Every structure is written in structure tokens, then in C-alpha cells.
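J.: What follows is a single structure, and I will ask about it in a moment.
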Amino acid sequence: MSKLNYCFSNDYMVLRPDRAGPVELLRLLFSPKVGRNRAVDCFTSTEVRSFACRLAIFLNLLLQVLLLSLSGPLAALRAAVELVLNLVDNVLHGRMECPDRSSPTYRSVMGLIDRRVDLDRSIKPTDSRFDAAHCVMASKLAYENEKFIRDVVTSHWQMEFVRFYNCWNEFQNASTAQAFVFCDKAAAEAELVVVAFRGTRPFDAAGWCADLDPSWYKIPRLGRAHAAYTHALGAQRNIGWPKWVEHIKGKLQKVYAYYTIPDTVKELLEANTKARLLVTGHGSGGALAVLFAAILAYHKEKAVLDRLAGVYTFGQPRVGDAMFAMFLERNLDRPRKRHFRITYGDDALPRLPNESSAAHFLHFGLGLHFDKSYKLKVLREIPGEEASSSVLDAVTSRVSSAWELGRGVYLGYQRAYFREGWLLLLMRVLTVALPGLPFHRVQDYVNAMVLGGYIPKDN
């Protein structure tokens with residue numbers, strides 16, 4: 001990939017694991033002239049004199065190289081695990097049939113871990129949790145196939161399914177983003193329009209690399225933005241974020257998330273002047289949701305932004321620097337808060353990329369953190385950011401995981417809505433046996449929205 005691909009940016013640093021051989025990796029450790037290293041795309045004059053920073057880049061590239069080398073086996077493993085789990089699920093529910101990946105009964109690993117698909121009808125439109133509760137269920141549903149999503153939205157939620165998107169990544173020459181749009185009623189009567197982005201799937205090596213990658217671009221007026229997520233949202237080679245994308249006549253039209261979804265949203269909002277817009281996502285889906293709103297503001301899409309009621313993200317990683325944060329707060333959080341960044345417990349993904357990385361990424365928006373008792377605190381950053389690795393930490397992690405296991409069993413006994421299936425209980429047992437095991441919990445975010453009580457709309 002030529003460095004001309006980034007000519008829309010006046011400053012950038014993009015890691016290239018596809019070009020990171022032994023020589024390039026060793027040069028990172030011994031030479032500060034990073035701009036002359038094939039494994040890093042940046043201005044040729046760029047130097048990183050801090051050995052600690054170069055070591056962080058070296059380790060990140062090494063981990064990405066390892067993950068990408070395993071992408072084929074991991075994809076096959078994901079397919080096999082999903083197939084077997086769906087087969088077991090069919091047998092347990094009396095369906096003696098071979099699973100079909102495109103059927104409305106086929107579930108992703110995330111959907112099998114937490115089988116809930118129904119909305120909690122006890123949460124009324126006047127409840128402060130109403131928008132967040134709809135968004136977290138939409139974020140969970142975004143991991144599924146199109147037919148499954150359509151069936152849940154129309155049959156279980158009694159709402160209007162609008163469109164499903166499988167979006168192209170210009171920089172990876174592959175579809176890496178998935179999203180869907182629904183509204184609470186038919187278009188002319190819709191009062192709520194929701195855009196939900198999918199997060200990173202289990203065993204997705206490319207997705208894991210994107211979550212770990214600290215690469216960035218500095219976009220004029222916007223600030224430094226996470227490179228991998230801007231790629232997934234639809235950034236264009238050489239030109240970055242033009243107002244619109246022209247398609248060459250006679251060639252297959254590609255679906256770019258940012259250049260396709262707003263057209264659908266505008267039609268729905270124009271059909272009913274009272275309709276509100278919500279944008280949401282879990283994990284990296286939350287990162288795409290924030291960037292989606294940011295690019296709308298970047299292009300001054302006032303008609304859409306005026307109807308934006310909230311961006312709700314669950315376990316969202318960092319996506320920009322201080323300048324990016326100020327841009328979003330100026331355009332989204334004035335005169336009222338509209339970016340709600342929800343985190344739970346010791347979820348690892350919101351701690352990425354590390355705050356001390358070269359990009360100096362940080363969190364912004366109204367931070368709503370739920371502890372493991374689902375008690376809410378309003379925070380700027382996540383607690384335990386500088387937690388150290390020690391024997392005490394391992395013991396604490398085991399005790400905490402055992403508490404979550406017991407809590408899950410107890411809640412399921414108290415109310416059927418919180419009853420956890422065999423797969424989720426097995427995973428909770430594994431976290432007790434293996435302290436520190438990453439567990440990016442979408443089900444705990446669902447529980448937090450139902451049990452958390454009041455969701456504040458301001459500091």
C-alpha cells in the first residue's frame with residue numbers, strides 16, 4: 001500500500017504487519033528513524049527517540065504478525081465451533097436438522113453465549129434506561145446474520161426492520177463492518193430510528209488486530225482518529241473523507257458504511273419529523289458508532305445531527321486524541337450530552353489502545369461505569385487503568401470471577417430473564433479457573449441496563 005493512500009492527512013502513523021519482517025522489527029529496536037522503516041507508514045522524517053515507545057510499536061507489530069499468521073486456522077475454528085454449538089443447540093431444542101448459516105435460527109457464538117432476544121417490556125419510554133436498553137439489545141443482535149436479525153426485530157420486538165449492511169473496507173479489500181437499521185414503527189410513523197454496528201467476533205484475527213492497533217491519522221479540523229476503525233467505516237484511499245463517493249459506471253458498486261447508511265437514515269427522518277435517531281455498538285461496533293457521528297459532524301450534516309438523540313456505546317475502545325475529543329464534545333455534547341460511553345467491570349477492550357501510546361488516545365463523552373454488582377458510577381476514565389500483575393491480582397480476579405458465577409446463578413433463580421445457559425455458565429467457570437482470561441461480556445451490559453436503575457443524561 002502506497003503512502004499516497006494517506007495524502008489526505010497532514011500527520012499519520014500506520015503500522016504495517018504485512019511488511020513487518022525480522023529486519024524491520026529489529027530496526028525498530030535499534031533505530032529511532034521510524035519513517036524509514038517499511039513496517040511503519042509515516043512521514044520519512046519521523047523519528048521516535050523513546051526506546052519505550054519503539055518497544056511498544058515492536059511488540060504490537062509482533063503480536064499482529066502472529067495473529068494474522070493464524071487468521072486462517074482461527075476462522076476455520078470459529079466456523080467449526082459455531083457449527084457444533086448450533087448443532088448441539090438444535091438437538092437441545094428438539095430440532096433434528098443440520099445448521100444452516102443463513103437461516104433465522106442460526107446463532108453466532110455471541111448469540112449462543114447469551115440467548116436473550118426479547119426486550120424487557122418493563123422499561124417504558126419515560127424510563128431513563130429506555131434508549132440504552134434498546135441500544136444494548138440492538139448491539140447484541142448486530143452479531144447475527146441478516147435473517148436472524150430480521151426475524152427478531154419483526155417477530156420478537158414487533159418493530160420495523162429496514163436494512164442490513166455488509167460494508168466494504170477499501171484498505172483491506174474485504175467486508176469488515178456489519179450494521180443494520182430498524183425503527184419502532186412503519187417509516188411514516190416511526191418515532192425511533194436505530195443504527196447498530198457489529199463488534200469484533202470471536203476468533204476474528206483481523207478484528208483483534210484492529211482492536212490492538214494504535215495506528216492513527218490526523219484529519220484536519222477533527223484530530224487524530226483510529227486508523228483501523230476509520231478504514232472499516234468507509235475512509236477512501238488518497239482522499240480520506242470526501243462529502244460523497246462517486247462510483248464508476250459499469251463497475252460493481254461497493255457498500256461503504258458511512259456513504260450508504262446515512263441515506264437510509266435521512267429517508268426515515270424525513271418521513272416523520274418527530275423521529276429520533278440512536279446510534280450504537282458493542283466493542284469495536286461502539287468505536288464505529290462514535291466515528292459515524294464524528295464524520296456526520298465533520299461534514300456538517302445538521303439535518304441528521306439535530307435529530308440525533310444519543311450515541312450509546314458498550315465496552316468501546318478509545319478512538320481519538322484530545323483534539324478529536326474536543327471536536328466531538330463541541331458537536332455532540334452541547335447543549336446536552338448525547339455520547340454515552342458505558343463500561344462494565346474489568347472489560348479489557350475499553351482500555352485499548354493504551355493511553356500512553358504514540359497517538360495519546362483518550363476517552364470522552366459521558367462515562368457510565370457499572371461495577372460487578374451493577375452499581376453505576378459516572379467517570380471520565382475506567383477504574384483500575386494502572387492495575388499491576390501480581391499474585392494478589394490473580395487471587396482478586398479469581399474471587400471476582402467466582403462472585404460473577406454465583407451472581408449469575410442467583411439472578412437466574414430470581415427471574416427467568418437473567419437465566420444463563422450452559423455455555424455462558426461454562427465460560428464463567430473458565431474465568432474462575434483461569435484468572436485474567438479476557439471476557440468481553442455483552443450479556444453483562446444487558447444486565448446492567450436492566451438492573452442499573454437510573455441512567456443519567458448529564459454529569
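The values are calculated or read from the model by the stated rules, or taken from the named source; none is laboratory data. These numbers were taken from a predicted model, which means no experiment stands behind them. Every residue, glycine as well, gets a Cβ built from its backbone with ideal geometry; the counts of neighbours run over all protein chains shown. Just so you know, the surface numbers come from the protein's heavy atoms only, side chains and all, with ligands and any DNA or RNA stripped out. Shrake-Rupley method; radii C 1.70, N 1.55, O 1.52, S 1.80 Å.
J.: Taking all protein chains in place and a 1.4 Å probe, what share, in percent, of the accessible surface of the stretch 175-229 do carbon and sulfur account for?
T.: Values: 810 of 1500 Å².
Carbon and sulfur: 54 percent of the exposed surface of the stretch 175-229.
J.: When the convex hull of the Cα atoms of the chain is projected onto a plane and the area is averaged over all directions, what value comes out in nm²? Show your work: numbers first, answer last.
T.: Details: hull surface 90.1 nm².
With every direction weighted equally, the projected area is 22.5 nm².
J.: Please give the peptides 209-215, 28-34 ranked by average Cβ packing (other Cβ atoms within 10 Å per residue), highest first, as a rough proxy for protection. Could the numbers behind the result be given before it?
T.: On the way: 209-215: 22.4, 28-34: 15.6.
Packing proxy ranking, top to bottom: 209-215, 28-34.
J.: Right, another one. Given a cut-off of under 8 Å on Cα pairs at least six residues apart, what relative contact order in percent is computed for the chain? Don't jump to the answer; show the numbers that get you there.
T.: Working: 839 pairs, mean separation 65.8, N = 459.
Once normalised by length, the contact order is 14 percent.
J.: What lysines could a cross-link reach from residue 457, if we take a straight Cα to Cα line under 27 Å and drop same-chain neighbours fewer than 8 places away?
T.: Once the sequence-local lysines are set aside, what remains near residue 457 is 124, 140, 185, 266, 274, 300, 302, 337, 372, 375, 377.
J.: Using the reciprocal of the averaged 1/r over all distinct C-alpha pairs, how large is the Kirkwood radius of the stretch 148-269 in Å?
T.: 16.1 Å
J.: Compute, for the chain, the length of the dipole vector about the Cα centre, with Cβ point charges of +1 (Lys, Arg) and -1 (Asp, Glu) only. Units Debye, rounded to 20.
T.: On the way: 58 positive and 46 negative charges, 142 e Å.
For the chain, the charge dipole is close to 680 debye.
J.: Considering only protein heavy atoms, what per residue accessible area in square angstrom results for the chain with a 1.4 angstrom probe?
T.: On the way: 20300 Å² over 459 residues.
It amounts to 44 Å² per residue over the chain.
J.: Quick one: give the max-minus-min coordinate of the C-alpha atoms of the stretch 1-124 along each principal axis, largest first, in Å.
T.: The principal-axis extents, from largest down, are 64, 41, 29 Å.
J.: Using a 1.4 Å probe on the protein heavy atoms only, what accessible surface does residue 208 show? Give it in Å² to the nearest 10.
T.: Taking all protein chains as shown, residue 208 has close to 90 Å².
J.: For the stretch 261-362, which whole percent of the accessible surface, found with a 1.4 angstrom probe, sits on carbon and sulfur atoms?
T.: For the stretch 261-362, the apolar C and S fraction of the accessible surface comes to 52 percent.
J.: Calculate log10 I(q)/I(0) of the stretch 192-341 for q = 0.17 Å⁻¹, where I(q) comes from the Debye formula with a single equal point scatterer on each Cα and nothing for solvent.
T.: -1.01
J.: Over the stretch 1-115, what is the relative contact order in percent, taking alpha-carbon pairs closer than 8 angstrom and at least six residues apart? List each step's numbers first, then the result.
T.: Numbers: 101 pairs, mean separation 21.7, N = 115.
Here the relative contact order equals 19 percent.
J.: Which listed residue (285, 139, 239) has the Cα farthest towards the positive end of the charge dipole for the stretch 11-451, taking +1 on Lys and Arg C-beta and -1 on Asp and Glu C-beta about the Cα centre?
T.: With unit charges placed on the Cβ atoms, the residue in question is 239.
J.: Using the per-residue mean of other Cβ atoms lying within 10 Å as a proxy for protection, in what order, highest first, do the peptides 9-22, 413-426 fall? Don't skip to the end; give the middle numbers.
T.: Numbers: 9-22: 17.1, 413-426: 14.0.
So the order, starting with the most tightly packed, is 9-22, 413-426.
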